[in-house]
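First up is the structure itself, then whatever we jot down about it.
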Amino acid sequence: MILCFLLLQWGTQTVGQGVFINPVNTNGTVRVEFVEFEQPLDFDIHDESMFATSDPRFEFPLTEADVTWLNSLFSLPEEGETRERKEYRLLTEEEREYFHRAVNMLKNDTTVSLNKYDLLANIHSRSSSNTAAHGGPGFLGWHRVFLLLFENALRQMIPTATLPYWDCTLDHPLSHPSESVIWSDVFLGNGDGEVNTGPFRGWNTQFGFGLLHRQVSSLRHLMSVHDLRNILEEDFLGNISYPDTKSSKNLEQLHNNVHVWVGGLMRKIEIGAFDPVFYVLHTFIDKVWEDFRVHQRSKEIDPTKDYPEFYGRRNHASFAPMGLGNLVVIDGISDVWNKNVVYRQPSCGNSGQNECGSKFLRCDHSTWTCVSKTKDEVTKSTNKDKHKDTTLSRTLNSGLKELDNLYIPSLLNSGISHSVYSDFLYPLKDRQSTAMYSENVSQSSALQKAKEIYMSHLN
């Protein structure tokens, strides 16, 4: 791995305060001025349902183990290593299984505060990071870096795991997008209430937010092909970003609509990353931005130098801290983050069962575009095909060696209270060891065995 040029320093920041780095030209000499300022706790930008007051529960001090692990994620793909990010429904059975298993392995790994999945999600929640992540032109670059950190975490679990993306425009044409196969146990699990099917079923969330839950299709709408065309009609980052573009061309606002459409944890920006839907959606947004950057280059515009002069909130100034280590906002538009990343999208091909490259998609020949199949369509076609797709339930019944794909709720995740949560305020050496904690977990014999197998992988 090639270590990135800036090491992460994960510090804590007083809620509601920040530092603005301002380049100043004095008599021809450029110096950097550090200006402390009060950051309004409510950073609502045209969308009250998406932005909320920072919650002090998210601001707990990070332990030495937390910082060490987070720093380990800050690396770039090796030279010659290509990461192919496919549309979720294009994944092979094995690729999909590896992705789901890696996510659950992060969720089960309690060697850091919370667990590895939730600790990384918490970075998105913390005021020291998220004020530069939303409501301005730094949105796309911040999340590009964050996606790389998460993908690196997946690959620590399973070296071949790669982030897929959820192209929600494939679901938009459906009469009822909530019936898309994406909300089946093969992919994200159900979207109607508590998630009790699929690879993330039974997940508990931190900070008292209860079981993972969604309420798809209650409010707002998914992105459409028309939205993508609107984005690609523009030439500059400032024309598709807050603060000064209309909503139909604002990529962040279009993404906000999808967050609200999914509902549940995804509806609130501070806790959205605790649902894996967050990552597959943001990987799609990153793909759209990459398509936009290709479009810019076709017009001889260098996207690595395209940052708007009028950026709105001071947290989105070019040299303001990004909140991810020592990076500044403008670092997010560099090419280094996606240098070895390619995106693969479905396209209509010859007629046949897999005409869009997946049995979960079909080609709409009236528009010559791919559209998602519904859960019922897939069920009917599966009943005709004896070679059924592997689902989570089949995985769990295939042998103990596969049980590390199962999320095992911990005592800290179930019925969490502030007093339990406060355990993380103490140094790592003062906390219960994983071995002691494992002995106290009351689970069914199968789940206990699964955890023992999983913990053995860590030793």
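Bear in mind these aren't lab numbers, they're just calculated from the coordinates by the rules spelled out. All figures in this text were calculated on a predicted structure; none of them were measured in a lab. Positions of Cβ are backbone-derived with ideal geometry, glycine not excepted, and every protein chain shown enters the neighbour counts.
Of note:
- Net charge of neighbours whose Cβ lies under 11 Å from the Cβ of Ser127, counting Lys and Arg as +1 and Asp and Glu as -1: -2
- 5 angstrom amide H check on Gly193, placed H, neighbours 5+ away: Arg214, Gln215, Val216
- Out-of-range pairs (alpha-carbon distance over 31 Å; input Lys268/Lys359; Lys246/Lys359; Lys107/Lys305; Lys116/Lys373; Lys268/Lys375): Lys268/Lys359; Lys246/Lys359; Lys107/Lys305; Lys116/Lys373
- Net charge, Lys339 excluded, C-beta distance under 12 Å - Lys, Arg +1, Asp, Glu -1: -3
- Computed over neighbours whose Cβ is under 13 Å from that of Leu147, the net charge equals +2, Lys and Arg +1, Asp and Glu -1.
- Residue-by-residue Karplus 3J(HN,Hα) for segment 171-187, coefficients 6.51, -1.76, 1.60, Hz, glycine and proline x: 9, 4, x, 5, 4, 10, x, 5, 8, 4, 4, 4, 9, 9, 5, 6, 10
- Using the alpha-carbon positions of segment 57-163, Rg (one decimal) and Dmax (whole number) come out as 14.6, 42 Å.
- For Lys373, the residues whose modelled amide H falls within less than 5 Å of its own, excluding neighbours fewer than 5 places apart on the same chain, are Val181, Leu361, Arg362.
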